[in-house]
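Encoded as structure tokens, the structure appears first; notes follow it.
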Amino acid sequence: MCMDHSFRCSCGQYEVSMTFKNEILPPETLSALYCPKCSTRVDFNPDTMIRDNGWVIEYDMEIARLMSNSMPAEHLRRLNPDMIFVEDYCSWRGIYPGDHVDSLKEKESIVSMAKVNPKKYITEIKDWANKRTERLMQEGWRKAHERVAV
């Protein structure tokens, strides 16, 4: 089960939804969040932070190590900020901050055709997903690179 948690960036301009895969790591694992504006004032530390398209997420790696005992062995062997982010133990809800809201709005018109023309709906939703993922990859979002074309 994944629960949603909201956090504000350091300057307070943005509120971001984060997901914590299977609630293995607690929300306290995220020690700081920096938007593209406030991330310019941060000394980046790869031992505790990840970068994603101008955003920086800082993890409390001590908490992560203490709470990681439920992770699969291959994840425990490479417990670091990149793994925590990529494997969704503490990551954006969606591909980027706000994606869970934006994607619903974007596909609203496509979803309406599901009952009317299911075959066209399947074609349209696949096309939308592939084009969207390609666009997000071009924009530089890390999690877009993990998605497989449908």
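The values are calculated or read from the model by the stated rules, or taken from the named source; none is laboratory data. Please read these numbers as outputs of a predicted model, since none were measured by experiment. Ideal geometry is used to build each Cβ from the backbone, glycine not excepted, and the neighbour counts take in all protein chains shown. What goes into the accessible areas is simple: the full protein's heavy atoms, side chains included, and nothing from ligands, DNA or RNA. Shrake-Rupley method; radii C 1.70, N 1.55, O 1.52, S 1.80 Å.
Sort out which residues of the stretch 65-94 are open to solvent by less than 10 Å² (accessible area, probe 1.4 Å) and under 20 Å from residue 8 (Cα atoms), and write them in order of number.
Those that are open to solvent by less than 10 Å² (accessible area, probe 1.4 Å) and under 20 Å from residue 8 (Cα atoms): 81, 84, 85, 89, 90, 91, 92.
Can you tell me which residue among 112, 91, 103 is among the hydroxyl-bearing types (Ser, Thr, Tyr) and modelled with pLDDT of 95 or more?
91
For the stretch 1-16, which positions are surrounded by fewer than 18 Cβ atoms within 10 Å (Cβ to Cβ), farther than 13 Å from residue 88 by Cβ and either under 17 Å from the mean Cα position of the chain (by Cα) or outside the structural domain of residue 81 (by the TED database) (or both)?
If the condition is that a residue be surrounded by fewer than 18 Cβ atoms within 10 Å (Cβ to Cβ), farther than 13 Å from residue 88 by Cβ and either under 17 Å from the mean Cα position of the chain (by Cα) or outside the structural domain of residue 81 (by the TED database) (or both), then 6, 7, 8, 15 are the ones that fit.
What are the residue pairs meeting all of these: first residue in the stretch 130-149, first residue open to solvent by 50 Å² or more (accessible area, probe 1.4 Å), second residue at pLDDT below 90 and assigned to a helix (DSSP H, G or I), Cβ atoms under 7 Å, and 6 or more apart or on different chains?
Listed pairs, sorted by first residue: 137/145.
Applying the selection to the stretch 22-42, what residues are open to solvent by less than 60 Å² (accessible area, probe 1.4 Å), polar (S, T, N, Q) and within 16 Å of the chain's Cα centre (by Cα)?
Correct list: 29 only.
Would you pick out the residues in the stretch 76-104 that are farther than 14 Å from residue 141 by Cα and of a type in the set (S, T, N, Q)?
Scanning the stretch 76-104 gives 80, 103.
Taking the conditions exactly as written (open to solvent by less than 30 Å² (accessible area, probe 1.4 Å), out of contact with any Ser or Thr (no Cβ under 7 Å at 6 or more places or on another chain), in contact (Cβ under 8 Å) with a residue 60 or more places away in the chain and not assigned by the TED database to the domain that holds residue 125), does residue 19 satisfy them or not?
No: the conditions fail for residue 19.
Helices (runs of 4 or more DSSP H) wholly in the stretch 46-143 with at least 3 residues that are hydrophobic (A, V, I, L, M, F, W, C) - which ones?
Because the criterion is at least 3 residues that are hydrophobic (A, V, I, L, M, F, W, C), the helices (runs of 4 or more DSSP H) in the stretch 46-143 that meet it are 61-67, 81-86, 99-111, 118-139.
Just wondering, is there one or more residues in the stretch 101-116 that are without any contact (Cβ under 8 Å) to a residue 12 or more places away in the chain, surrounded by 14 or more Cβ atoms within 10 Å (Cβ to Cβ) and within 30 Å of residue 54 (Cα to Cα)?
yes
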